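Take a look at the structure below.
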Amino acid sequence: MVNDTANPRVDFYLLADESMHFFCCRLAEKAWRLGHTVFIRTENEAETEALDALMWHYSEHGFLPHVCWGDEDETETPIIIASKIEPTHGYDLLINLADDIPLRKECCPRIAEIISADAKRKQQGRLRYAQYEKNNYSLKHYNISNA
């Protein structure tokens, strides 16, 4: 996931029918298994708690190694979940579930935006895409289906 942090790459994942949180877990697990650190930025505390609970039972092989922001094991854990907070130190991947974009361009070399099939979520995704484009981020998009 090496990239120029002055111009982060943003990957938009457009989901056909998969749960946004389940896909977030899939993406975080893949990055973690490849040796990367992951920061997941949620919209609110309720979403942070829901994602935290899902990660404890996500995999049939066990949980995903994660903590919520502020935990004493934060610096030793590869996956951090926080609501509307931006990373204070380098992570390889930021998964943004919030409805706005991270303010600090240099926060991570890669950003993942997960867009569900929900009409409101799609519209928010379009707005974020336009903001990233205006700020000269490198953009890619992927259509994800369960078929």
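With +1 on the Cβ of every Lys and Arg and -1 on the Cβ of every Asp and Glu, and nothing else charged, how large is the dipole of the chain about its Cα centre, in debye rounded to the nearest 20? Kindly include the intermediate steps, with their values, before the conclusion.
Values: 16 positive and 24 negative charges, 173 e Å.
Computed charge dipole of the chain: roughly 840 debye.
Toward the positive end of the charge dipole of the chain, with +1 on the Cβ of Lys and Arg and -1 on the Cβ of Asp and Glu, the farthest Cα among Phe12, His66, Ile81 is that of Phe12.
Longest segment of the chain with no GluC sites (Glu not before Pro) in a DSSP loop having at most 14 other Cβ atoms within 10 Å? If you can, show how the numbers build up before the last one.
Details: sites that count: Glu60, Glu72, Glu106.
Longest gap between qualifying sites, sites excluded: 1-59.
Any chance you could count the Lys pairs in the chain whose alpha carbons are under 18 Å apart, treating pairs 8 or more apart or on different chains as valid? Show your work: numbers first, answer last.
On the way: Lys84/Lys105; Lys105/Lys134; Lys105/Lys140; Lys122/Lys140.
Close lysine pairs under the 18 Å cut-off: 4.
With neighbour counts taken as other beta-carbon atoms within 10 Å, the residues Asp17, Asp100 rank, fewest first, as Asp17, Asp100.
Have a look at the DSSP beta bridges in the range 9-144 and tell me what percent are antiparallel, nearest 5. Walk me through the numbers before you get to the answer.
Details: 1 of 30 bridges.
Percentage antiparallel, nearest 5: 5.
Using helices alone, I'd like the mean residue ellipticity at 222 nm for the chain: each DSSP H run of four-plus residues gives -39500 (n - 2.57), total over residue count, nearest 500.
On the way: 3 runs with 43 residues, N = 147.
So the calculated ellipticity at 222 nm is -9500 deg cm²/dmol.
What net charge is computed for the residues neighbouring Leu127, neighbours being all others with C-beta under 13 Å from the C-beta of Leu127, Lys and Arg scored +1, Asp and Glu -1? Display every interim value, and only then the final one.
Values: positive: Lys120, Arg121, Lys122, Arg126, Arg128, Lys134; negative: Asp99, Asp100, Glu113, Glu133.
It works out to a net charge of +2.
Read-outs throughout are calculated quantities, based only on the coordinates presented, and are distinct from any laboratory measurement. What you are looking at is a predicted structure, and each value in this text was computed from that prediction instead of being measured. Every residue, glycine among them, receives a Cβ derived from its backbone with ideal geometry; neighbour counts consider all protein chains shown.
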